[in-house]
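Have a look at the structure below before the remarks.
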Amino acid sequence: MDLSSSYLHQTKPIPSPILRPPPLSVLARVSFSRRPRRRTTSYSFRPSRKTNTCSASSGSDTLVSSNRKEDSSKSVASNKEEEDEFDLKSWMHKNGLPPCKVVLKEKPSYDKNLRPIHYVAGSEDLQAGDVAFSVPNSLVVTLERVLGNENIAELLTTNKLSELACLALYLMYEKKQGKKSFWYPYIRELDRQRGRGQLAVESPLLWTETELSYLTGSPTKHEVMERAEGIKREYNELDTVWFMAGSLFQAFRLWHPVTTIVFSVALLQQYPYDIPTEAFPFEIFKQAFVAVQSCVVHLQKVSLARRFALVPLGPPLLTYRSNCKSMLTAVDGAVQLVVDRPYKAGEPIVVWCGPQPNSKLLLNYGFVDDDNAFDRLAVVGALNTEDPQYQDKRMVAQRNGKLSVQTFPVSVGKEKEAVLDMLPYLRLGYVSDPSEMQSVISSQGPICPVSPCMERAVLGQLADYFETRLAGYPTTLSEDDSMLADFNLDPKKRVATQLVRLEKKMLNACLKATVDLINQLPDNTVSPCPAPYAPILR
């Protein structure tokens, strides 16, 4: 993922330095018919403000939840008129987007109650090396643009909030301005997409408990819960950062005494709303966070305040692909896309999503790539802390580049290599005789004395581990294949099944490599050696 970033050329004043904006999906559901009760506060940087009860947007498509029908017979015509008026690409051209070689097209959603989603396609035949589009920085949202100063951006995101949270919150407040917001056409497009990406599936962060059960057996299920807890912690910090704004501007005045005073007052007037947690419930913030997460671009070779960017023609309008080399790139004053392959006019344009495993692709963008050469899973090994020789083993492990708790990545297609990498570490854990341990300490390299019975014990533990992990999935590979052959399979269940199926394939390949090594041992009648302090695998 790539980000481009400098937002100093904006044609309109930038909103106040507020926390990271919520995900796109949240944006699609924000609506306020009445103002929640305001907390009293004596902070001098929050002058009295009059109540503003404008809804997030006048278009009905931005106010309904994902299980409601978006296009009623009464609103179709008005929606069409508004789309023509606030067409994303027309708005971009009007505000500085130079002529480009792409067009927005649409395809139906898997859910008939949801509107079709847009995607970026070539407006003409393209060749590898062509610049598809170049979005000026004035149409890119970054923290530097939102907060007005790179130093403040870094302060706000240090140990408090992530860039995603700040960007999400910013867009939420912008949405409350409705059509008065400069970003209204872009926010409308994000609402339409609902963070679904081109496979029309939301991140599992927004799935129900029943839908999350599709991931049973996969470590991704635990990752989803951990990420959700992290979002909750960020939400709880929103008010803190909001109240920090005054002192941050005060520090900013040291560098820009006049500009900052005018800027901070303008910001306070621009957002006459309650503090974040009163303005937005947690579920709304989480939905917005997830939506921003699904479309943010990580730009390379730019400052920290510009590395995460929202590019109006970027994801989710562009499709992520693991085997693509084309990325959104920051160039002088813009973010551009140079295609890496030829396209026929009308074909959807794809970009590289970075070296991410499928678990991250599902968590961040709601899709799984069957051809992902970067897919991987992890095996965690740990030396037994009850072992009397634990400290010596820990020293030997560190000498050979391993930790007392070591994560071993298992990459797709390289499962045998991963197993071979684990063996020296596991053998070390099986050493029990003090004299053998002294020999290991004095030796060079990760070599441990190995008898046939010890090797059988090490490989046997490893085989049992892989079998146990495979048994934790409620379905077999053949059952997964049968489900995926069903054209009517629920999209969320489909991507979840794709993920666990690929995980099982890697685990099966690891198990096969381990069993092959067992079969190569000289005497199959030798029983495994006892291991009073065997290493722990999880």
Expected single match for in a helix (DSSP H, G or I), of a type in the set (S, T, Y) and modelled with pLDDT of 90 or more among S134, S138 is S138
Somewhere in segment 390-404, is a residue closer than 21 Å to P219 by Cβ and open to solvent by 70 Å² or more (accessible area, probe 1.4 Å)? yes
Cβ pairs under 9 Å, 6+ apart or interchain, first in segment 202-213 and over 13 Å from Y365 (Cα atoms), second open to solvent by 40 Å² or more (accessible area, probe 1.4 Å) and not in a helix (DSSP H, G or I), ordered by first then second residue, are E211/D490; S213/P474
Any residue at all in segment 382-405 that's part of a helix (DSSP H, G or I), in contact with a strand residue (DSSP E or B) (Cβ under 8 Å, 6 or more places away or on another chain) and either without any contact (Cβ under 8 Å) to a residue 24 or more places away in the chain or assigned by the TED database to the domain that holds K360 (or both)? no
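Among the residues of segment 456-507, write down those that are of a type in the set (K, R), under 25 Å from the mean Cα position of the chain (by Cα) and open to solvent by 20 Å² or more (accessible area, probe 1.4 Å). Working first, answer last.
Of all residues in segment 456-507, those of a type in the set (K, R) come to 456, 469, 492-494, 501, 504-505.
Adding the requirement that they be under 25 Å from the mean Cα position of the chain (by Cα) leaves 492-494, 501, 504-505.
Correct list: K492, K493, R494, R501, K505.
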For G314, state whether it is open to solvent by less than 40 Å² (accessible area, probe 1.4 Å), out of contact with any Pro (no Cβ under 6 Å at 6 or more places or on another chain) and on the phi > 0 side of the Ramachandran plot. no
Restricting segment 321-380 to residues that are free of Cβ contacts under 8 Å to residues at least 60 places away in the same chain and part of a helix (DSSP H, G or I), the one farthest from C295 (Cα to Cα) turns out to be K360
Within segment 166-187, the residues that are surrounded by 24 or more Cβ atoms within 10 Å (Cβ to Cβ) and either among the basic types (K, R) or outside the structural domain of E283 (by the TED database) (or both) are K175
From the option list V302, V296, single residue qualifying as in contact (Cβ under 8 Å) with a residue 12 or more places away in the chain, of a type in the set (A, V, I, L, M, F, W, C) and farther than 26 Å from D87 by Cβ is V302
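The values are calculated or read from the model by the stated rules, or taken from the named source; none is laboratory data. Here the structure is a predicted model, which means the values were calculated and not measured. Using ideal geometry, Cβ is built from the backbone for each residue, glycine included, and neighbour counts are taken over all protein chains shown. Just so you know, the surface numbers come from the protein's heavy atoms only, side chains and all, with ligands and any DNA or RNA stripped out. Shrake-Rupley method; radii C 1.70, N 1.55, O 1.52, S 1.80 Å.
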